[in-house]
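This report concerns only the one structure given below.
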Amino acid sequence: MKDERQRILISCPYQSDSNKGYKMGSGKWCLQKRDSFRSDSLSGNENVPETGCLSIIVLGASGDLAKKKTFPALFNLYCQGFLPPDEVHIFGYARTKISDDDLRNRVCGYLVNDRSASPSEDVSKFLQLIQYVSGSYDGADGFQLLDKEITKHEISKSSQEGSSRRLFYLALPPSVYPSVCRMIRKYCMNKSDLGGWTRIVVEKPFGKDLDSAEQLSSQIGELFDEPQIYRIDHYLGKELVQNLLVLRFANRFFLPLWNRDNIDNVQIVFREDFGTEGRGGYFDEYGIIRDIIQNHLLQVLCLVAMEKPVSLKPEHIRDEKVKVLQSVLPIKDEEVVLGQYEGYRDDPTVPNHSNTPTFATVILRIHNERWEGVPFILKAGKALNSRKAEIRVQFKDVPGDIFKCQKQGRNEFVIRLQPSEAMYMKLTVKQPGLEMSTVQSELDLSYRQRYQGVTIPEAYERLILDTIRGDQQHFVRRDELKAAWEIFTPLLHRIDHGEMKPIPYRTGSRGPAEADELSAKAGYVQTHGYIWIPPTL
């Protein structure tokens, strides 16, 4: 069916000290550059090493996503030595008729940051790696020209035909995925397999419901094999999300506690303190559940709830995530609260009678031995009183409370994903002094204080590097995507048909009061009077 031989590269994120990005020595943390971005992963043919040059093609190069996320991520990988200039070339492709220099000028302003010791020199050298090709997303001429330019670059690097690597990043709306993938398949593939490959990266949203997602998957699946397809969810690239498996399965004291006998409920929260801000038309088409909960928060839930995989191979990890999703019970209407902030419909791009929620609290229940009876409270909203994303694992009350301290709050393990990345355990301790009184405090690991001088990579950097390495651990597999949509599609259709209405809430508030009431009814106990303060030096 395909003229390319398929391979799965498996890259273990836990490597020997000699190949780590971060290394501890003499009590200090430092950043190490790697000699190459190639991992020691095994390929389908171990006798054919990856030796050819790498072409990274950013489709939709003139759009906001490419300028603000994709090109900066590539630049940071370049600065850290993961994209050697003698091997890598970057092509921008879009309909806009501009020159190479025009694209470089558009991108340049988003590249400068504090990571580079000499920004101007690094930026200048990186921009010279970028070339632009203009063309439509459904016409042969543009893609034939793109293939011609890629091939010219490969020849200039003396890459043997079939040994080169081509990575296509679709920074595009999903509506054009099928036509773009057809054009890539027909005109731009690596011609054979002599250690080379062709891979595509597609951005969310992957459809609007189960049927549209399956249709999109089928259209792309007819053109590419699953090992070639990388469905990117940038939340899976976040440092604290990636830490979840280590926390759960490398620490003995979590193993006996991580179950329904000890955990009362789990909250996974995403809050933004701003509204749609110019994206009203796009957002209204999807809403907060499709935009945040069905993908980002559900992926986090999988990592919190999954069983230990057989190994760290990507397929073993993704198998366990699928099992969790397949164990989720149908969502009950009474365990959903929807909200829409006042002023949302004032956006001229939003319909006057829009029923789209900008806030939602949804309770998911997992029907298996570990989690039976434990509510997973997924909450996301815009225009709220704070900006943060975090996981709160709340433990049950201590039986026989001789200190009468239950009203102060429960033990909680909090993983703060953004901002101010941290992990802390809320504990009840004796308040200093002569009296036997208790107070809530915390055992705290704040990344900014503990790992001084270490810059936490952006999610897109990590995921693009994984794509180059052929490591699909942090990408969404087709059956995983299908299982996720099966959970939320019935609820989304009821909202789309107007059967469920969002409750108005004030901008800058916590959201609808009914959401807090639902969380309390599910068993979540809010701590009053306790505020976590990030440690300072």
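Assorted remarks:
- Among (1) in contact with a Phe, Trp or Tyr (Cβ under 9 Å, 6 or more places away or on another chain); (2) in a helix (DSSP H, G or I); (3) loosely packed, with under 15 Cβ neighbours inside 10 Å; (4) modelled with pLDDT of 85 or more, the one test that ASP284 misses: (3)
- Matching residues, the stretch 293-313, being in a helix (DSSP H, G or I) and closer than 17 Å to VAL393 by Cα: LEU297, LEU298, GLN299, VAL300, LEU301, CYS302, LEU303, VAL304, ALA305
- Some residue of the stretch 396-414 being open to solvent by less than 30 Å² (accessible area, probe 1.4 Å) and within 20 Å of the chain's Cα centre (by Cα): yes
- Just one of (1) within 30 Å of LEU216 (Cβ to Cβ); (2) open to solvent by less than 80 Å² (accessible area, probe 1.4 Å); (3) in contact (Cβ under 8 Å) with a residue 40 or more places away in the chain fails for PHE126. It is (1).
- Selection count where residues are surrounded by fewer than 19 Cβ atoms within 10 Å (Cβ to Cβ) and in contact with a strand residue (DSSP E or B) (Cβ under 8 Å, 6 or more places away or on another chain), scope the stretch 158-175: 1
- Number of residues in the stretch 233-269 that are among the hydroxyl-bearing types (Ser, Thr, Tyr) and open to solvent by 10 Å² or more (accessible area, probe 1.4 Å) equals 0.
- Scan of the stretch 270-279 for residues that are surrounded by 19 or more Cβ atoms within 10 Å (Cβ to Cβ) and closer than 18 Å to ARG416 by Cβ, ordered by number: PHE270, ARG271, GLU272
- All positions within the stretch 480-500 that are open to solvent by 30 Å² or more (accessible area, probe 1.4 Å) and either under 18 Å from ILE293 (Cβ atoms) or outside the structural domain of ILE292 (by the TED database) (or both): LYS482, GLU486, PRO490, HIS493, ARG494, ASP496
- Residue match in the stretch 207-217 (condition: within 30 Å of ARG416 (Cβ to Cβ), under 19 Å from the mean Cα position of the chain (by Cα) and open to solvent by 40 Å² or more (accessible area, probe 1.4 Å)): no
Rundown of residues vs (1) outside any loop (DSSP other than H, G, I, E, B); (2) in the same structural domain as GLU285 (by the TED database); (3) touching an Asp or Glu at 6+ places or on another chain (Cβ under 9 Å), yes/no style:
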{"position": "GLU315", "(1), (2), (3)": "yes, yes, no"}
{"position": "VAL324", "(1), (2), (3)": "yes, yes, yes"}
{"position": "ILE331", "(1), (2), (3)": "no, yes, no"}
{"position": "GLU334", "(1), (2), (3)": "yes, yes, no"}
{"position": "GLY339", "(1), (2), (3)": "yes, yes, yes"}
{"position": "PRO357", "(1), (2), (3)": "no, yes, no"}
{"position": "ILE363", "(1), (2), (3)": "yes, yes, yes"}
{"position": "GLU372", "(1), (2), (3)": "no, yes, no"}
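The values are calculated or read from the model by the stated rules, or taken from the named source; none is laboratory data. All of these numbers come straight from a predicted model, not from anything done at the bench. Every residue, glycine as well, gets a Cβ built from its backbone with ideal geometry; the counts of neighbours run over all protein chains shown. These area figures cover heavy atoms from the full protein model, side chains too; ligands, DNA and RNA do not enter into them. Shrake-Rupley method; radii C 1.70, N 1.55, O 1.52, S 1.80 Å.
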